[in-house]
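Data first, discussion second: the structure below is written as structure tokens.
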């Protein structure tokens, strides 16, 4: 049996941009006096409220900005610190889980293009400049009022977040606490201090949402109305910003994947290889194409796989997610629905009950000749393969990793008591130690199952980078606000 293991490294950037196109330096030559003379003080925008409409559960594996728009945009937490820099003692008292949604062609969640981003109510920078009746000079706030912004995607609606920060599943009645994807948000409200933290549980993409964090794309010079200047470093949140002197200055988030993605397909083959190394598929029985099929009992990764953790949006390494309080499991099992942290596609799954009563096994297609199927199943419109979403690894494993596949070759046979033969195979396959599960990368495992051996191709690639676009957050412009 020829063993075919292919490792393809990716060389593209790991960044995923939901909104980019920032200036690295001053974007305006407007004079300080001219800016002050043009500005208006104490502009107020009323607070408005909307109603919550229950939504159908959707899978959020985001690959471009249209998908980001169709999954309701992203959320922003903003901290107002008067005269001091941001610290964990600060509170998200300026924006709390503010939704930033797309201006689209078509109605979300079926939009086809994004022309910009908006939010409501519009907020304004502190440190206004103004004249008063007693002083002809321009006044600036005595303290340097500062704002710090943290963003995540996709957006979680306030109606889905309980008072203690638990994320609820409102697609069922009564609502229940979520068990996959983002399960908790902290701080739970704008009166509680601390970094923004999202507790995440990984699993199949049909149950676990994607998770991204927003940072600055490039080093950026920020000139403020008090005459000061600072550099916002690439790969970090926007912190300690004083009102900009540039009237068209925006907060532009560059979104990066906080997770790693594993795809897995399976097909059946004979043990020998054809010329050129391609595995030969089983020949289907012309009289009964489903006379022989393969059903999978479980797949195990002999390796610490990080399936749960808390993402801190105040990351400390440029461009890298800050995961805290992580949980891992070794071996990591992929089994039938409801068992383990990831689910096998029901139509491929062998269950212990089939040992004595194989009737239900023949209602499942299983793995048959000539077909390739997703181990995690397919859903959506149009149908697409599901994935396994997990926390990335910070360092490669010390040794080799093994994948163990337990599967059953089942053949109809009227001469046997149960009318079927059930041959169990347990095969272990080594993955080279160089295969680390990195953030923002997709790992595609293609399992080729034979009677007593397994071939495997492994393809590693980056997730697609989306087009650039500006995302507008609070600013003051002469006369009117710009969303």
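Read-outs: derived from the displayed coordinates by stated rules, not from any lab. All values reported here derive from a predicted model rather than from experimental measurement. Here Cβ is always computed from backbone atoms with ideal geometry, including for glycine, and neighbour counts include all displayed protein chains.
How do 72, 200, 402 line up, fewest other C-beta atoms within 10 Å first?
402, 72, 200
Work out the FRET efficiency for residue 357 and residue 324 from their Cβ-Cβ distance, taking R0 = 51 Å, and round it to the nearest 0.05.
0.60
Quick one: 118, 424, 184, fewest Cβ neighbours within 10 Å first, how do they rank?
Ranked by crowding around the Cβ, least crowded first: 424, 118, 184.
Roughly speaking, what is the stretch gain from residue 219 to residue 162, that is 0.36 nm per residue apart minus the C-alpha to C-alpha distance, in nm to one decimal?
Length gained, residue 219 through residue 162: 16.8 nm.
So how do 152, 236, 387 line up by other beta-carbon neighbours within 10 Å, fewest first?
236, 152, 387
According to the square roots a ≥ b ≥ c of the eigenvalues of the Cα gyration tensor, what is the shape class of the stretch 157-279, taking rounded for a/c under 1.5, prolate for a/b larger than b/c otherwise, and oblate for the remainder?
oblate
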